[in-house]
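First the structure, in the form of structure tokens, and then the observations on it.
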Amino acid sequence: MAPWIQRLARQASRQGLSANQLTLIGFLLGIFAAVLIAFQAYLLGAIAILVSRLLDALDGAVARLTKPTDAGDFLDIALDFVFYASIPLAFAFSDPASNALPAAVLLATFIGTGSSFLAFAVMAVKRGLRNLAMPNKSFYFLGGLTEASETLICFMAMCVWPALFIELAYGFAALCAITTATRIWWGWEAFQ
């Protein structure tokens, strides 16, 4: 974890902000970003997304400083998935004639990445597997081409260049499809 995130986490904790409060604030700011994008305020939406994702990084750091809980971990991952779905949907609302189909394709591939991510995590818990490379994570999951950082970069590009949404959505959907296929393959192999 970046040292500056740890410093911010200590400061937030001293201010009395809990990890769950940061999760909720970050989520609400992410949904506000989606509303901004739906109304074509793309650059403001990008700023709101960045602050939302900063809070998403901060909530885990604050949880590790205090006491992580299963409820907090659940809230964090569940709201992350809702946030990630809200951005392509917002672009569909911003220009339905052009963006609805690419947004739908991207959302479909998000379901693939999300379901393969969570399915592996469930089976890993059942088998007692732990990720030694990331011991601070609440559960073991498989990586891929399209993790949180890559998704954030894609969302930023969409906000900075909204005229390229179609190309960016289809391109990122292709990467998500590859991630889904490799996770399914790795999961199948791991659980044989």
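The values are calculated or read from the model by the stated rules, or taken from the named source; none is laboratory data. None of the values given here were measured: they were computed from a predicted structure. Reconstructed Cβ throughout: ideal geometry from the backbone, glycine too, with neighbour counts over all protein chains shown. For the accessible areas, the whole protein counts, side chains as well, though only heavy atoms, and no ligand, DNA or RNA atoms are used. Shrake-Rupley method; radii C 1.70, N 1.55, O 1.52, S 1.80 Å.
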Task: Relative contact order for the stretch 1-88, counting Cα pairs under 8 Å that sit 6 or more residues apart, in percent - done: 40
Task: Helical segments meeting 15 Å axial Cα length and Kyte-Doolittle 1.0 threshold in the chain (DSSP H) - done: 19-38, 42-65, 70-94, 96-127, 148-160
Task: Gain in span if fully extended, residue 115 to residue 24, counting 0.36 nm per residue against the direct Cα distance - done: 30.5 nm
Task: Inter-label distance for residue 181 and residue 43, nm, one decimal - labels placed 7 Å from Cα along Cα-to-Cβ - done: 3.9
Open item on the list: I'd like the Kirkwood hydrodynamic radius of the chain, using the inverse of the mean 1/r over distinct C-alpha pairs, in Å.
Closed with: 17.4
TODO: Mind jotting down the distance between the C-alpha centroids of the stretch 55-102 and the stretch 151-174, whole Å?
DONE: 17
- [ ] Return one whole number: the accessible area per residue of the chain in Å², for a 1.4 Å probe.
- [x] 55
Task: Lys, Arg +1 and Asp, Glu -1 on Cβ, resulting dipole of the chain about Cα centre, debye, nearest 20 - done: 680
